[in-house]
Ligand SMILES: [Fe+2]
Ligand SMILES: [Fe+2]
């Protein structure tokens, strides 16, 4: 069983958003595997960089949707993204400084944050987008 299992519940009905969420789940699983399989620092660093990059891309996509369709929850949703980006930034900074010993708690945090964000914050956005006849 994978560390972060994809569930039907996570599907929000906006194709691009769903695909990107699946990709994020995949990248978190990849990071978990790299850590549990004791891959080299270089490998772990690479996976983490990939995850960071993809998070940025994905958040930008959602923020673009919010801007274009004048979504009322834009400010708080974007703030949630910013908070998470800061957290990821500090995680990778710590790793650069103190070696790449990522504790399990960090992985659990990433998974929990994404689950909750999809099910609450992104769900609201996607309901709104569906009302705008986007799919
Ligand atoms: Fe989001
Ligand atoms: Fe999202």
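If you check 28, 14, 55 for being closer than 18 Å to residue 105 by Cα, buried (at least 18 other Cβ atoms within 10 Å of the Cβ) and touching a residue at least 24 places away in the same chain (Cβ under 8 Å), only one passes: 28. Here the stretch 94-133 is the region considered, the condition is being outside any helix (DSSP H, G or I) and closer than 25 Å to residue 70 by Cα, and the residue that is nearest to ligand 2 (Cβ to nearest atom) is 132. What about residue 45, is it modelled with pLDDT under 90, part of a helix (DSSP H, G or I) and away from ligand 1 (no atom under 16 Å from the Cβ)? Spelling it out, residue 45 is indeed modelled with pLDDT under 90, part of a helix (DSSP H, G or I) and away from ligand 1 (no atom under 16 Å from the Cβ). Only a single item in (1) at pLDDT below 95; (2) surrounded by fewer than 14 Cβ atoms within 10 Å (Cβ to Cβ) is not met by residue 19, and it is number (1).
The values are calculated or read from the model by the stated rules, or taken from the named source; none is laboratory data. All figures in this text were calculated on a predicted structure; none of them were measured in a lab. Every residue, glycine among them, receives a Cβ derived from its backbone with ideal geometry; neighbour counts consider all protein chains shown.
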